[in-house]
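Shown next, in structure tokens, is the structure this report addresses.
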Amino acid sequence: GSTYSSKVFRVTFLTLAVSVAVPLLGVTVLLDCPIDPQPISLKEPPLLTGVLEPNTKLRKAERLWENQLVGPESIVNIGDVLFTGTADGKIIKIEDGEIQTIARIGHGPCGGREDEPTCGRPLGMRVGPNNTLFVADAYYGLYEVDPDTGETKVLVSTKTPIEGQKLSFVNDLTVTRDGRKIYFTDSSSKWQRQDYLFLLMEGTDDGRQVSPSLLLEYDTVTKEVKVLMVGLRFPNGVQLSPAEDFVLVQETTMARIRRYYVSGLMKGGADMFVENMPGLPDNIRLSSSGGYWVAMAAVRPNPGFSWLDFLSEKTWIKRMIFKLLSQETVTKFVPKYSLVVELSETGSYKRSFHDPTGVTVAYVSEAHEHNGHLYLGSFRSPYIGRLDLQHV
């Protein structure tokens, strides 16, 4: 009897499997895919050993102003006053623990993903000379904001074509000490910030579109915008070197950092600063030791399973995923592993702080050093993290 029932079970199971699989396959073939993914070839991720050895040091961070702000992507300070931009389009000032909205570049309603293009999304933020704030808004462009009055002034609008193309996803910026030059990134000509996952998964350098992903330079005196680098795959955080002779650009999709020379003998040239990183780099900021802090919201575990590496050349799986699931749903499957690394001035790893399950600091986007502490920005979390560097 048991062989008969197991046979029945097998037949039933197979019939069921086929009856589910065939329509599913049919639907999947017919469904449109929002992305046109390109194969990406990544090297095997670096081993998480030595200074990259997993730890729980990021868990020592305290959560500040919890549930009083959401998605504080980038953080700057003027003295002990902090400034950040949040997911609901606000530019806020935190003084003596008090939170105050000083400006908005877009307008309401704000809240959902679909509101972002009109609400605005302040990402990279910097302090220029005379304590003015420079802000990169993903949808509106490059702005100057007066931290006292909250007055906003547009420097580079996304409505103004640059070399015949409009900017679509203004991401981060870095400013020379004299405030003359601003270097900034436009992450994509095709996708806006609300679709960053499409950009990441499509993996193109946008070179097949007319306008590529860019590193640009804005001259605050001549008001000119120049394109410095094209064809980057998700250019993200940018940072001038302490000597201001080069700019580092994080290329998120490729898990690497490129270097573009802005002065000296190499001016106009570019090379690789760090290749094959253990995670996807977001923002990069100076460290007090003359090196750089790099924040990563997703890692490529080795040993372990890296979903990014697994999918990198399997464009058909990426198509299937995005035919069937929304970006929000896909995000839920991404392991919440936060990592901050400190690089030396030559790009070698000095130390690393991990939060392997993103308990304390999830979706870390930036590590900003101030007064012996690392202030940790996040593009989704409802707080700012603060890590005491003396006690890690």
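Assorted remarks:
- Taking the listed residues G124, G111, G106, G150, the one that is in contact with a strand residue (DSSP E or B) (Cβ under 6 Å, 6 or more places away or on another chain), small (G, A, S), closer than 24 Å to E366 by Cβ and not in a strand (DSSP E or B) is G150, with no other qualifying.
- Selection within the stretch 42-61 - open to solvent by less than 80 Å² (accessible area, probe 1.4 Å) and under 21 Å from Q390 (Cα atoms): G50, V51, L52, P54, N55, T56, K57, L58, A61
- For first residues located in the stretch 293-316 and under 19 Å from T357 (Cα atoms), partners that are among the polar types (S, T, N, Q) and lie 6+ apart or on another chain with Cβ distances below 6 Å form the pairs A295/N283; A295/S365; R300/S306.
- When N276 is tested against (1) in contact (Cβ under 8 Å) with a residue 24 or more places away in the chain; (2) in a strand (DSSP E or B); (3) closer than 26 Å to E313 by Cα; (4) open to solvent by 10 Å² or more (accessible area, probe 1.4 Å), just one condition goes unmet, and that condition is (2).
- Top-ranked residue of the stretch 153-176 - restricted to ones that are in a strand (DSSP E or B) and in contact (Cβ under 8 Å) with a residue 60 or more places away in the chain, ranked as farthest from N283 (Cα to Cα): I162
- The single condition among (1) open to solvent by 20 Å² or more (accessible area, probe 1.4 Å); (2) in contact (Cβ under 8 Å) with a residue 40 or more places away in the chain; (3) over 26 Å from D195 (Cα atoms) that P39 does not meet is (3).
- Residue satisfying condition, being surrounded by fewer than 17 Cβ atoms within 10 Å (Cβ to Cβ) and among the aliphatic types (A, V, I, L, M), within set V135, V154: V154
- Residue count for the stretch 159-183, restricted to those that are under 19 Å from G89 (Cβ atoms) and surrounded by 15 or more Cβ atoms within 10 Å (Cβ to Cβ): 7
- Among the residues making up the stretch 240-256, a single one is part of a loop (DSSP other than H, G, I, E, B) and crowded, with 24+ Cβ neighbours inside 10 Å: A255.
- Here N77 fulfils each of the conditions (1) in a helix (DSSP H, G or I); (2) open to solvent by less than 60 Å² (accessible area, probe 1.4 Å) apart from (1).
The values are calculated or read from the model by the stated rules, or taken from the named source; none is laboratory data. The structure displayed is predicted, hence computed values, not measured ones. Here Cβ is always computed from backbone atoms with ideal geometry, including for glycine, and neighbour counts include all displayed protein chains. Accessible surface areas use protein heavy atoms only, side chains included; no ligands, DNA or RNA. Shrake-Rupley method; radii C 1.70, N 1.55, O 1.52, S 1.80 Å.
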